[in-house]
4 protein chains.
Amino acid sequence: MTKISDLKGFAYPSPQGVAAVVGDLPWHFGTEHLGILFKTDPDVVASYLPEPLEPGEHPDVVFIEFGKWFSLWESQLDMMFINPERTWYQETVIWVSSSFKGEQGKTCIQTWVDKDFSMARGMFMGFNKKFGQTYKTDPRPVNPKMAPLGIGSKMRGWTCAHGERLMEGTLKITKKIPYAELPSPILLPLFNIRYFPSIVKNAPPSVCELVKMHMEDSRNGEDVWAGEGDIKFFPSEIEEFTRLAPKEVIGAYYYTNGCTITGGEILHNWLTE
Amino acid sequence: MTKISDLKGFAYPSPQGVAAVVGDLPWHFGTEHLGILFKTDPDVVASYLPEPLEPGEHPDVVFIEFGKWFSLWESQLDMMFINPERTWYQETVIWVSSSFKGEQGKTCIQTWVDKDFSMARGMFMGFNKKFGQTYKTDPRPVNPKMAPLGIGSKMRGWTCAHGERLMEGTLKITKKIPYAELPSPILLPLFNIRYFPSIVKNAPPSVCELVKMHMEDSRNGEDVWAGEGDIKFFPSEIEEFTRLAPKEVIGAYYYTNGCTITGGEILHNWLTE
Amino acid sequence: MTKISDLKGFAYPSPQGVAAVVGDLPWHFGTEHLGILFKTDPDVVASYLPEPLEPGEHPDVVFIEFGKWFSLWESQLDMMFINPERTWYQETVIWVSSSFKGEQGKTCIQTWVDKDFSMARGMFMGFNKKFGQTYKTDPRPVNPKMAPLGIGSKMRGWTCAHGERLMEGTLKITKKIPYAELPSPILLPLFNIRYFPSIVKNAPPSVCELVKMHMEDSRNGEDVWAGEGDIKFFPSEIEEFTRLAPKEVIGAYYYTNGCTITGGEILHNWLTE
Amino acid sequence: MTKISDLKGFAYPSPQGVAAVVGDLPWHFGTEHLGILFKTDPDVVASYLPEPLEPGEHPDVVFIEFGKWFSLWESQLDMMFINPERTWYQETVIWVSSSFKGEQGKTCIQTWVDKDFSMARGMFMGFNKKFGQTYKTDPRPVNPKMAPLGIGSKMRGWTCAHGERLMEGTLKITKKIPYAELPSPILLPLFNIRYFPSIVKNAPPSVCELVKMHMEDSRNGEDVWAGEGDIKFFPSEIEEFTRLAPKEVIGAYYYTNGCTITGGEILHNWLTE
């Protein structure tokens, strides 16, 4: 007889463990982001942060990253050769400033991705993931009319899901900045709400925990651009992020970075409180 | 302060609950299936069924459905008007014969879908879901050269994921049969392994339970076709379903059906055994 | 030596002619349409109709079809079995009332499709085709909560391209009508501008002709619904159809039909005028 | 009255010319290619080259590029800001060695792209374009486990269309080479067959000309990698490129380049011979 312990694989157990939609931790990431930082109504931000999670030091701040992500999981580090389609995707992430017992951080409100492994892996890390398309300006200077990014460059990112343009952000580059100067909460730790409903009708969720992700080996690209930005939301009957309506854009940035996520720790379990 | 109980939404809690990728139970389905039933190595089937789940009365039987699915969740029954894109998708499902404490059923081994709401909802019900494209023959007789299905019609379905054709199935219709004559385990109850990993490295999963789905209001379309079938698998470095290699095709069928899933019950929790 | 006459294939000549993106005439179609008929500024309509093409008897009328199309070409009538993916697609078409030497007709202004064979075949017939997604309400009554279309049903169609929602149309069904009562110009002949640029810089186009498509074997589905409709356009920096802004919706309809297109005739060649 | 000369737009005439799927020449390109060069049956190559086009100095040579393309047209050089989705795509191109009146060149046999503007623009330049997905290894060193390309790196590219994997190519990098050493016919001029069928049944095509594309401002990236390669074809009932079955892989390369295409010249018109 087969025992449950005979089945292998991080994301859904199977006899060989090779068909898992997501492989084993650690997970390695490299990203390119067009990020727009803005202020909104702090009461709306707070409505997304259930105690013991709390608003952060900048309780009215939201930042949105229009990004391209390159990823590998530890159990298939040769995936760039096995099937490169499994190694990158485009994603939009909405983050807010948050804190846990005085430690400053950021919490993801919603994301849209275009690959299954990113959607599942995100759910495992507590990201509220759905499918959508993200595009951002991506010049390749080997094209005679695509100058490299620099002072004066204009960039745009957008998100589209279920046939609707959800949002657009722009950046007009005015200066280069050191990576460490990316403002709070961009570089802060990740506090996410990990959630998995029960399939029993009206039962409490099977998973409802506050988690902090552990990262190591962080690095960033040399060029970190900053400048004037803009963010625009479009209405949708089936989205609610528009409640975080931009009141004032604080900054806009373009940066690349990477890290290894070794796993997470459970800060709080709402099922046992 | 926001409390966890202030957040709403079946799939992931949010202030308004309107952006959930999947809405509330019950869930309502209508489907069109090209199904191929075949025999394989019973040891391979058994390797997917961890006790107390067991092989079924036909321990060597697999069936694969190439389907089109039409669905609604209870909290947004008007979704066909709000956004029709959220109401249908194409899916391939691999099922095996199984049993639980003598009750005969079927268990899903793997599925590929093309919409996020189907992927997430499937994970909540214990389906091992990934993204892929499914197509099946779909004649529309208002086209002068697309005769309605009938004796002699030939049909094909296929599945493609991460850039690879995974499988193809065919049916040559020879007769009409009553819906109730669809062979075991097609019409049997669903016993699935519901799984959600922990994000703590090396920790046991957060959810690992055997569930049975509850259905009501089952109905089927009038035309249920049967005939000669064929199923062909293609190799992939990142899939393992090919271990269920077809030895003998038992039958091939085309049918439509629908039901309401009211929720599930937990038959066994591997975390507490 | 190979001669040009050795190469075969309707849409791009090759040694075997089997890889053609579009196969030989005649072409057979079956369609499902949510159509919205409205009035706009007749000067804008006229700006799309170069003489000898002229405005039609309803010079201010536009209709937009959100559709699902099922098609076959004569050289591969078994394509539903060979590869069903090549036999259907979703498309939005914008039509205006037009006329040629007193004969009433309709002219396509712009269309968006989601398959290559439809895009190429459309270009060959004089349709201005681009890629985009179209969805329309598509109830399947085998789903317990999807009632068949009837009086009181509400339907929506939408178009999305390059990440932007372009338009939406709705229908609230109030009655059934005979197919022949679908208003002008829905059932009228097709007069299109067939165009293919030269690759020589600044040269006149290689093809610029007014064509009329020839149809036979027309048929339609039994149910033809009519009712109250709405159409809404969204702005885009890279589309111009919004100039045909709806002033008054005349009607909204749901119908299915099919035909065989045997080819076209050249009514006028702008290159030789 | 509107005159045909009132309509603007490179790809299809319209009142404003802003919705054209492809804008004006010149066109600017930047590309990244994984290229595999191999020998096949010279008779098969010759079957694709109708006189006065002839086989080239390497009559049995084929090369296949799995690429990512970044492009702009002259009339909307700010497209990277207007809508970045319109500025890049992934493409596989099959080329053979060819010649015209003694001038050595290359001719495209077939290509698969994933954006409409690339499909239409390709048709205008004489490329036999269809839709498909292409992926190639794309390391981003900001990911801790994605080393930059170098000696020992392994790369793979693949093409998938209408739900079938069509081909795969691999490269194991052994050395760096100067760009100018990329072997014939990779860097040679482009001789393509430009073709547009008539819509009149059984009529000769409206366009059937041999064209040579004019390029300027060519440049390339610094790193040009070479090494051991492999190419594998998969069967399909609706493709014929498999006739160019690889007999011997000559080389495999990874390079980036760019140029401006100013237009083309007609070398021969089959309609007037």
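Here is the list for the stretch B:69-128: trypsin sites (Lys or Arg not before Pro) lying in DSSP coil, each with at most 15 other C-beta atoms within 10 angstrom of its C-beta, are B:K101. Counts of other chain beta carbons within 10 angstrom of each beta carbon in peptide C:71-82 average 4.
In whole Å, how far is the Cα centre of the stretch B:194-250 from that of the stretch B:48-107? Taking the Cα centre of each part, the stretch B:194-250 and the stretch B:48-107 sit 7 Å apart.
Based solely on its DSSP helices, what 222 nm [θ] is calculated for the protein assembly as shown when runs of n ≥ 4 H residues each add -39,500 (n - 2.57) and the sum is averaged over all residues, nearest 500 deg cm²/dmol?
Dividing the helical sum by the residues of the protein assembly as shown leaves -1500 deg cm²/dmol.
Pairs A:K115/B:K247; A:K115/A:K212; C:K154/C:K247: which are spaced more than 31 Å apart, C-alpha to C-alpha?
A:K115/B:K247
Each of B:P148, B:F127, B:L37 was scored by the projection of its Cα onto the charge dipole of the stretch B:22-269, and the greatest displacement toward the positive side belongs to B:P148; charges sit on the C-beta of Lys, Arg, Asp and Glu. If you fit an axis through the alpha-carbon atoms of helix A:116-125 and take the longest principal axis of the Cα set of chain A, what angle between them do you get, 0 to 90°, nearest 10? Computed tilt is about 80 degrees. Sequence-distant contacts, meaning Cα pairs under 8 Å at least 6 residues apart, place the relative contact order of the stretch A:179-248 at 23 percent. Closest approach of a chain A Cβ to the axis relating A and C (residue, whole Å): A:R165, 3. Short-range pairs are left out: with C-alpha atoms under 8 Å and at least six residues apart, the relative contact order of chain A is 21 percent. Label-point distances for C:G150 to the equivalent site in the other copies, using a point 7 angstrom along Cα→C-beta, read 2.8, 7.0, 7.2 nm when ranked shortest first.
Just list whichever of A:K136/B:K129; B:K68/B:K172; C:K129/D:K201; B:K175/C:K175; A:K8/D:K172 have alpha carbons separated by over 27 Å in the model shown. Violating the 27 Å limit, Cα to Cα: A:K136/B:K129; B:K175/C:K175; A:K8/D:K172. Take A:E57, move 7 Å from Cα toward the beta carbon, and the resulting point lies 6.7, 6.8, 7.5 nm from the same point in each other copy, nearest first.
Based on the inverse mean of 1/r over its pairs of different Cα atoms, what is the Kirkwood hydrodynamic radius of the stretch C:74-130, in Å?
Details: mean 1/r = 0.0770 Å⁻¹.
Taking every pair of different Cα atoms in the stretch C:74-130, averaging 1/r and inverting gives 13.0 Å.
Placing dummy labels 7 Å off each Cα toward the beta-carbon, the span from C:A245 to C:I151 is 3.7 nm. The per residue volume of the convex hull around the alpha-carbon atoms of the stretch D:22-269 is 143 Å³.
How large is the convex hull of the C-alpha atoms of the stretch A:52-197 per residue, in Å³?
Numbers: hull volume 24.6 nm³, N = 146.
For the stretch A:52-197, the hull spanned by Cα atoms encloses 168 Å³ per residue.
Charges were assigned to the Cβ only: +1 to each Lys and Arg, -1 to each Asp and Glu. The resulting dipole of the protein assembly as shown about its Cα centre is roughly 0 debye.
Here the dipole of chain B is about 620 debye; that uses its Cα centre as origin and unit charges on the Cβ of Lys and Arg (positive) and Asp and Glu (negative). The value of relative contact order for the stretch B:142-260, using C-alpha pairs under 8 Å at least six residues apart, is 28 percent. Sorted from nearest, the other copies put their A:D217 label points 4.0, 5.1, 6.1 nm away, the label point being 7 Å from Cα in the direction of Cβ. Would you please name the trypsin sites (Lys or Arg not before Pro) within the stretch D:1-50 that are DSSP coil residues with at most 15 other C-beta atoms within 10 Å of their C-beta? Taking the stretch D:1-50 and a limit of 15 other Cβ atoms within 10 Å, the loop trypsin sites (Lys or Arg not before Pro) found are D:K3. Pull up all non-local amide H partners of D:W88: gap of 5 or more, or a different chain, and H-to-H distance under 5 Å with H placed in the peptide plane. Those qualifying (amide H under 5 Å, at least 5 residues apart or on another chain) are D:S71. GNM remark for chain D: springs join alpha carbons under 10 Å apart, and the peak mean-square fluctuation among D:S218, D:S184, D:S99 falls on D:S218.
Evaluated at 37 °C with a viscosity of 0.692 mPa s, what Stokes-Einstein diffusion coefficient in µm²/s does the protein assembly as shown have when Rh comes from the Kirkwood expression over alpha-carbon pairs? Here the translational diffusion coefficient equals 108 µm²/s.
None of the figures in this text is laboratory data; all of them are computed from the coordinates on show. Given the structure is predicted, the values throughout are model-derived calculations rather than measurements. FYI the Cβ positions are ideal-geometry reconstructions off the backbone, even for glycines, and counts take in every protein chain you see.
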